[in-house]
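Engineer: Questions regarding the structure given below will be posed in turn.
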Amino acid sequence: MFGDLLCELVQIPGPSGFESRVTVRLKELIQPYVDEVRIDKIGNLIARKKGSEGKRSLAIAAHTDEVSLVVVKVDEFVWFHRVGFIDFHSLPSMPVLILGAERDIPGVVSASSAHFEKGGDTKMWIDIGDRQKYITPGDPIVFNLKPHWLDDNKTILASHAIDDRIGCAALVEIARQLPKRPRHDIYLVGSSQEEIGSFGIKHFLRQVTPTWLFILDTCYAEDAVPDVKKLLPLNNGLGLLRFSFTQPKDTCYPGMVNFSSPKLNQRLLDAAKKRSIPLNVCATTGAFSDANIVYVDNPEIENSHVFMGRRYSHSPHEVIDVNTGVRAASLLTQAVADSEKWEE
């Protein structure tokens, strides 16, 4: 089942630049359904189903990495910095896992003691007991928590790394439904390093120039606080991002824009109608994704951005309705089928 696959994938550590455990598992899952599959130098998973013509190609990409921390100093404790957007308020007393060269080391982020502090202390470190010899500056750190179902039907999942392991799970489902011999080449891409600047998708585009490219990612769903940037209700959380722009304060992300292809957007709306899938057209000025890089690097590529609504972005407990992943896979499977008639 889709939910079981997602639960498996969110528990595989895959911080930016260290996604190999995720990509190796995805390779195992996708390989039976494609003609070629490889992992490139930067860590992208690139799977290809050869088309009967081979003149044009369609690519679907979901990123494999998750937001993380990094070790910067080791003494009695481990000192760290953020990698990507993480709210420091979510970190105190959080269980984490440090991916050392020899072994993974569990730890816990410090928390102010109620007996001595009034709270609000922003100085944080990681306590790892007496295993300092296994830790080196540069080692990545991820949240170390089990996923939890928030309903009896196992549809609402709370976990870290839902962004974008749900997209990765959808890639597997799309692979299972690929035609035996499509007209066009089909690429399924697990892109690396999206959370630190989308370097993976950029490297993929150096190797392959697809005619059409769909980016599959997560974005903000509505919660208890009304906000126009929270684009979708959780239980209807499949969106088509027509326009996105971001100019973040964090300088690791440059100002980026994406104008999705009107033609490709319409083809997705047509595919959604065929399968009775609610698809909400949206725009945002507060989101960065691989789609922005595609548009900036090569606007000749027709691209469109499908996203799944999830709450509590980049936190230890993102929340999503797994049915949005099922819908996304169904939508893009229909788009692949429809592409048999696409000429340009």
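Engineer: Residues being open to solvent by less than 40 Å² (accessible area, probe 1.4 Å) and either β-branched (V, I, T) or modelled with pLDDT under 95 (or both): count how many of those fall in segment 41-50.
Structural biologist: Number of matching residues: 1.
Condition check ((1) open to solvent by 10 Å² or more (accessible area, probe 1.4 Å); (2) part of a loop (DSSP other than H, G, I, E, B); (3) among the polar types (S, T, N, Q); (4) in contact with a strand residue (DSSP E or B) (Cβ under 9 Å, 6 or more places away or on another chain)) across all residues:
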{"position": "D130", "(1), (2), (3), (4)": "yes, yes, no, no"}
{"position": "N153", "(1), (2), (3), (4)": "yes, yes, yes, no"}
{"position": "A170", "(1), (2), (3), (4)": "no, no, no, yes"}
{"position": "A175", "(1), (2), (3), (4)": "no, no, no, yes"}
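Engineer: Next question. Would you check which residues across segment 54-74 are open to solvent by less than 10 Å² (accessible area, probe 1.4 Å), more than 9 Å from the chain's Cα centre (by Cα), closer than 20 Å to V96 by Cβ and not polar (S, T, N, Q) and list them?
Structural biologist: L69, V71 - these are the residues of segment 54-74 that are open to solvent by less than 10 Å² (accessible area, probe 1.4 Å), more than 9 Å from the chain's Cα centre (by Cα), closer than 20 Å to V96 by Cβ and not polar (S, T, N, Q).
Engineer: Sort through P179, P147, P137 and tell me the only one that's modelled with pLDDT of 95 or more, open to solvent by 10 Å² or more (accessible area, probe 1.4 Å) and touching a helix residue (DSSP H, G or I) at 6+ places or on another chain (Cβ under 9 Å).
Structural biologist: Just one listed residue meets the conditions, P147.
Engineer: Quick check, is R311 farther than 25 Å from H203 by Cα, under 20 Å from the mean Cα position of the chain (by Cα) and at pLDDT 90 or above?
Structural biologist: Judged against the criteria, R311 is a match.
Engineer: Looking at segment 203-217, can you tell me whether even one residue there is of a type in the set (F, W, Y) and open to solvent by 40 Å² or more (accessible area, probe 1.4 Å)?
Structural biologist: no
Engineer: Mind checking whether some residue in segment 14-35 is open to solvent by less than 50 Å² (accessible area, probe 1.4 Å) and more than 20 Å from the chain's Cα centre (by Cα)?
Structural biologist: Within segment 14-35, one or more residues are open to solvent by less than 50 Å² (accessible area, probe 1.4 Å) and more than 20 Å from the chain's Cα centre (by Cα).
Engineer: Filter segment 33-80 down to the residues that are outside any loop (DSSP other than H, G, I, E, B) and among the basic types (K, R), then identify the one that is nearest to P137 (Cα to Cα).
Structural biologist: Only one residue tops the list, namely K73.
Engineer: Related question: If K274 passes every condition in (1) at pLDDT below 95; (2) out of contact with any Phe, Trp or Tyr (no Cβ under 9 Å at 6 or more places or on another chain) but one, which one does it miss?
Structural biologist: Status for K274: all satisfied but (1).
Engineer: Shifting gears a bit: Inside segment 81-115, can you point out the residues that are in a strand (DSSP E or B) and modelled with pLDDT under 90?
Structural biologist: none
Engineer: Go through segment 48-97 and count every residue that is out of contact with any Asp or Glu (no Cβ under 7 Å at 6 or more places or on another chain) and under 19 Å from T209 (Cβ atoms).
Structural biologist: 6
Engineer: Is it true that some residue in segment 45-66 is over 30 Å from A337 (Cα atoms) and not hydrophobic (A, V, I, L, M, F, W, C)?
Structural biologist: Yes, there is a match, as at least one residue in segment 45-66 is over 30 Å from A337 (Cα atoms) and not hydrophobic (A, V, I, L, M, F, W, C).
Engineer: With the requirement that a residue be among the β-branched types (V, I, T) and part of a helix (DSSP H, G or I), what does segment 2-25 give you?
Structural biologist: V10, V22, T23, V24
Engineer: Shifting gears a bit: Of the residues in segment 68-103, how many are of a type in the set (S, T, Y) and touching a helix residue (DSSP H, G or I) at 6+ places or on another chain (Cβ under 9 Å)?
Structural biologist: Adding up the residues that qualify gives 1.
The values are calculated or read from the model by the stated rules, or taken from the named source; none is laboratory data. Note that the coordinates shown come from a computational prediction; the quantities given were computed from them, not determined experimentally. Positions of Cβ are generated from backbone atoms using ideal geometry, with glycine treated the same way; all protein chains shown enter the neighbour counts. Ligands, DNA and RNA are stripped out before the accessible areas are found, and what is left, the full protein with its side chains, is counted by its heavy atoms. Shrake-Rupley method; radii C 1.70, N 1.55, O 1.52, S 1.80 Å.
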